[in-house]
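Trainee: Mind looking over this structure? Questions follow.
The values are calculated or read from the model by the stated rules, or taken from the named source; none is laboratory data. Predicted model, so just to flag it, every value in this text is computed and none were measured. Because the Cβ atoms are built from the backbone with ideal geometry, glycine has one as well, and the counts that use them run over all protein chains shown.
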Amino acid sequence: MKDLFAEVLGIDSVLGGLVVSNEGKVLFSQFNQAPEGDPAALDWQDFVTALDQSLEADLVFENRRLFARRMATGYVIIVAGLYAPISSIRLCASALAPAVEKQTQKGGFLKLFRRN
């Protein structure tokens with residue numbers, strides 16, 4: 001899974017990425033630097049419910065930006081700075097979402113974390 005996120009994490013001003021299930025559970029997270037809090041400790045259920053019918057969402061806050069891309073099993077969420085190139089993030093997230101879904105359909109998320 002880390003290989004899948006490598007390209008998006010290489011974009012200027014991207015801080016990290018998450019995969020959140022439809023139930024609001026963080027299934028995977030990877031950040032370039034340690035986040036201020038633990039994303040897995042947050043309850044993402046309200047976020048997922050609010051975006052229920054959305055294919056994409058670009059949420060801009062005071063000093064951060066969240067880009068969410070819908071999958072059948074949840075969302076790929078990219079955390080970035082305000083001035084991150086959204087077109088590059090959108091392109092990577094559009095390619096990342098089907099790749100994550102494909103990996104999960106081959107044997108679940110546990111298979112993603114096995115070491116070779």
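Trainee: How do the pairs read when you match residues in the stretch 67-78 that are within 9 Å of GLU56 (Cα to Cα) with residues anywhere that are modelled with pLDDT under 95 and of a type in the set (Ser, Thr, Tyr), using Cβ under 7 Å and keeping only pairs 6 or more apart or on different chains?
Mentor: ALA68/TYR75; ARG69/TYR75; ARG69/SER94; ARG70/SER54
Trainee: Just the residues that are exposed (fewer than 15 other Cβ atoms within 10 Å of the Cβ) and not small (Gly, Ala, Ser), please, taken from the stretch 64-85.
Mentor: If the condition is that a residue be exposed (fewer than 15 other Cβ atoms within 10 Å of the Cβ) and not small (Gly, Ala, Ser), then ARG64, LEU82, TYR83, PRO85 are the ones that fit.
Trainee: Can you tell me which residues in the stretch 3-51 are outside any strand (DSSP E or B), touching a strand residue (DSSP E or B) at 6+ places or on another chain (Cβ under 7 Å) and more than 21 Å from ARG65 (Cβ to Cβ)?
Mentor: Within the stretch 3-51, just ASN22 meets the criteria.
Trainee: If you go through the stretch 74-92 one residue at a time, do you hit one that is among the polar types (S, T, N, Q), modelled with pLDDT of 90 or more and not in a strand (DSSP E or B)?
Mentor: So far as the stretch 74-92 goes, yes, one or more of its residues are among the polar types (S, T, N, Q), modelled with pLDDT of 90 or more and not in a strand (DSSP E or B).
Trainee: Against the definition (among the aliphatic types (A, V, I, L, M), over 10 Å from the mean Cα position of the chain (by Cα) and either over 17 Å from PHE5 (Cβ atoms) or not in a helix (DSSP H, G or I) (or both)), how does LEU66 come out, yes or no?
Mentor: Numbers: among the aliphatic types (A, V, I, L, M): yes; over 10 Å from the mean Cα position of the chain (by Cα): no; either over 17 Å from PHE5 (Cβ atoms) or not in a helix (DSSP H, G or I) (or both): yes.
No.
Trainee: It is to be established whether one or more residues within the stretch 10-27 are free of Cβ contacts under 8 Å to residues at least 24 places away in the same chain and among the acidic types (Asp, Glu).
Mentor: No: zero hits.
Trainee: Could you say which residue among GLY24, GLY17 is surrounded by 13 or more Cβ atoms within 10 Å (Cβ to Cβ) and over 11 Å from the mean Cα position of the chain (by Cα)?
Mentor: Numbers: GLY17 fails: over 11 Å from the mean Cα position of the chain (by Cα).
The unique qualifying residue is GLY24.
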